[in-house]
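To start, the structure itself, in structure tokens.
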Amino acid sequence: RRVHGGISLKTMNPANWTPEFSDLKAKLEKAEDELCFLKAVFDEYKSSNQEVEAHLNTQLVNLENSNKQLRKENEQMQAGYIAKIGELEKLVERLQTESQEYRFALEKANDELKALKEGK
């Protein structure tokens with residue numbers, strides 16, 4: 001008689017199994033089935049999680065690239081606005097100078113007209 005794990009080979013024969021041992025064997029088989037199911041679910045979750053992580057990483061890279069592009073465009077727009085502001089400031093300065101010159105010319109013309117009227 002050999003003993004394997006504390007159980008004799010005689011008791012390993014299904015014909016000699018007691019109801020308690022049969023229940024334990026059924027529970028063990030059920031637990032093994034549940035374990036296989038849970039392992040499959042876990043593997044599926046892990047696989048799905050990796051797919052989601054890869055998708056999120058791709059979206060993150062796309063957002064970072066988009067953000068870089070938007071920053072570049074923003075810098076170009078700011079440079080354009082700064083250049084335009086400089087042009088407008090020069091135009092305003094030129095128009096103020098011209099306006100002042102016209103004002104002086106108008107005052108001179110008024111003075112001449114006044115002198116002509118008084119000289120009549």
Any aspartates and glutamates with Cα under 20 Å of the K72 Cα? List them, leaving off those in the same chain fewer than 8 positions away.
E64
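Please calculate how many Å² of accessible area segment 62-101 carries per residue, with a 1.4 Å probe and no DNA, RNA or ligand atoms counted. Let's see the in-between values first.
On the way: 3740 Å² over 40 residues.
Spelled out: the 1.4 Å probe surface of segment 62-101, per residue, equals 93 Å².
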Loop only by DSSP, 14 or fewer other Cβ within 10 Å of the Cβ. Give me the trypsin sites (Lys or Arg not before Pro) in segment 26-107 that pass, ordered by residue number.
none
Net charge around E51, counting only other residues with Cβ within less than 15 Å of its Cβ (Lys, Arg = +1; Asp, Glu = -1)?
-2
What part of the accessible area of segment 52-117, given as a whole %, is carbon or sulfur when the probe is 1.4 angstrom?
58 percent
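What fraction, in whole percent, of alpha-carbon pairs in segment 15-120 exceed 24 Å separation? Don't jump to the answer; show the numbers that get you there.
On the way: 4051 of 5565 pairs.
Roughly 73 percent, rounded to a whole number.
The values are calculated or read from the model by the stated rules, or taken from the named source; none is laboratory data. Since the structure is predicted, the reported quantities are computational estimates derived from the model, not experimental observations. Virtual Cβ from ideal backbone geometry, glycine too; neighbours counted across all protein chains shown. Areas reflect the complete protein model, heavy atoms only, side chains present, ligands, DNA and RNA absent. Shrake-Rupley method; radii C 1.70, N 1.55, O 1.52, S 1.80 Å.
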